[in-house]
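Report on one structure; see the data block that follows.
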Amino acid sequence: MLTPARTGAALLTAALLTGLVAGPALADTGSSPSPATPASPSPVAPPAALYGKGDPTYDGVWRQAMALMALNSAKVTPGAAAVDWLTGQQCADGGWPSFRADAKAACTAATEDSNATALAMQALVALGGHQAAVDKGVQWLKTNQNSDGSWSYNPGSPGDADSTGLAVSALRAAGVDPTQVAKDGRTGLTALGALQLGCAAPAEQRGALAYQAAAAGQPASANALATAQATLAIAGGSLPVAAGSPTGPAPKAPECATGTDAAAGGAASAESAAAYLATTLAAGGQHLTLSTPGAAAPSPDYSGTTWAVLSLVRSGHPQQAAGAVDWLAANGGSWTKGPAGPDAGATAALILAAQAAGRDPHSFGGTDLVKQLTDSGPAVQTAAKESKKKSGFSPWLLGCGVLIGIGGGLAISLSRKRGQ
């Protein structure tokens, strides 16, 4: 499940790993890395402890963290091997890479992944019992924050809304106030505020966030996926998102009576971002779209739509997310079917969205998403415990059975004697 930041960085990572280039992460291309790209490494077989059977090179840690959070939210206890794999991927400096085949090998600092780090932290917080690893992740985020308060996918690159939003959510999940984590007086929320489009933007883009700051002299443009991910952080949330009340007022769009860009540089507004998401979903048939270079028309953005649901619920507008949840239930099945089997990251994302919307992930669009996810990876602890319960065997019950059998035999014997 590649975000704009992850898409560009995936190409960079492939190049760095093969020694072809060195430099900042690529800008948002909107396309997925092609297996035919000369710089791409050969596909990697997934470890047994990892959820999903696809190549984990670009999303191993991301999808494992999503899977663990989704299972935990569905009251399923993941197996120890799956959790150990995630903690074992952490680098000595506290960050996580997208994936490393040899966890004993030192990490390459330039290719450590802020998105994977943020998701891993939130997963470990949700599971509990991993405070030391979470604290190291917090320190890594503090160390790699940009001077404008933002975070980039890989350290040293210009910040982006996706990565910054994920980092802010991770800090909040870890119990750290993101308003107190700053570089040169600027926090992650400050950076998100600078990327939010205000009254100078076209009416249909107001409240949205740009993926990155626009070049000098160029207007910023709305990025729906960046907005969907960052709004969760702006609304004070982190993963997993708890279900909210099904009723509530519609989010309010920015008031632009003066026509000035009052929002630029200030604190980001969750209400304005939620209004953009709700309006964009409604205009697009209750889903976001993704423009891919070379494609004749935009395609459905399942990931963005899922994040929009999570953000709308967290910002207090689950009613405006209901249509998107229905759309995901009807259409999301194809998204979760990867070429190597069920896509663990996509399946986990749908579970989290279903839970946030108060839907049953065991019957979402006719699919048991929880079973689909558990079947894609290592055995879970809960299943083993439940199988013992369902077997019905109990020494106490056996004893009762013996006594009942003896009592029944005596009763029959006495009855026969009385009948003689």
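The numbers here are math on the coordinates, done by the rules we state, and not lab data. On a predicted model such as this, the values are computed, not experimentally measured, just so you know. Cβ: placed from backbone, ideal geometry, glycine included. Neighbour counts: every protein chain shown.
Distance from the C-alpha centroid of the range 95-148 to that of the range 172-204: 21 Å, rounded to the whole angstrom. Seen from TYR51, the other residues with C-beta closer than 11 Å to its C-beta sum to a net charge of -1, counting Lys and Arg as +1 and Asp and Glu as -1. Ranking of VAL181, VAL313 by neighbouring Cβ atoms within 10 Å, starting from the fewest: VAL181, VAL313. Placing +1 on the Cβ of every Lys and Arg and -1 on the Cβ of every Asp and Glu, with no other charges, gives the range 4-383 a dipole of roughly 340 debye about its Cα centre.
Using the Cβ of ASN146 as centre and a radius below 9 Å, the other residues enclosed give a net charge of +1, where K and R count +1 and D and E count -1.
Could you tell me which of THR336, SER315, THR374 has its Cα farthest along the dipole of the range 4-383 towards the positive end, charges placed at Cβ (Lys, Arg +1; Asp, Glu -1), taken about the Cα centre? Value: THR374. Give the shape of the range 4-383 as rounded, prolate or oblate, defined through the alpha-carbon gyration tensor: a ≥ b ≥ c are the square roots of its eigenvalues, a/c under 1.5 means rounded, and otherwise the shape is prolate if a/b is larger than b/c and oblate if not. It comes out rounded by the Cα gyration axes. Look at the alpha carbon pairs under 8 Å that are at least 6 residues apart: their mean separation over the length of the range 188-311 gives a relative contact order of 33 percent.
Computed across the range 151-234, the Kirkwood radius stands at 13.0 Å (inverse of mean 1/r, all Cα pairs).
When each of the peptides 325-337, 300-312 is scored by the mean number of other C-beta atoms lying within 10 Å of its residues, the order from highest to lowest reads 300-312, 325-337. Given R0 = 25 Å, the distance between the Cβ atoms of GLU255 and LYS142 translates into a calculated FRET efficiency of 0.10. Backbone phi angles across the range 358-374, fed through the Karplus curve with coefficients 6.51, -1.76 and 1.60 (θ = phi - 60°), yield HN-Hα couplings of x, 9, 8, x, 7, 8, 10, x, x, 10, 8, 5, 5, 5, 4, 6, 5 Hz in residue order; Gly and Pro are listed as x. Loop-located chymotrypsin sites (Phe, Trp or Tyr not before Pro) across the range 62-146 with a Cβ neighbour count of 10 or fewer within 10 Å are lacking, with loop assigned by DSSP. Between SER363 and ALA109, the modelled label-to-label distance comes to 5.4 nm, taking each label 7 Å out from Cα in the direction of the beta carbon.
Note on LYS142: aspartates and glutamates with a C-alpha under 19 Å away, same-chain residues under 8 apart excluded, are ASP93, GLU112, ASP113, ASP160, ASP162, ASP177, ASP184. Around the amide H of LYS337, modelled in the peptide plane, lie the amide H atoms of ASP343, all under 5 Å away and 5 or more residues distant in sequence or on another chain.
Close amide H contacts of THR289 (hydrogens built in the peptide plane, cut-off under 5 Å, sequence separation of 5 or more or a different chain): ASP301.
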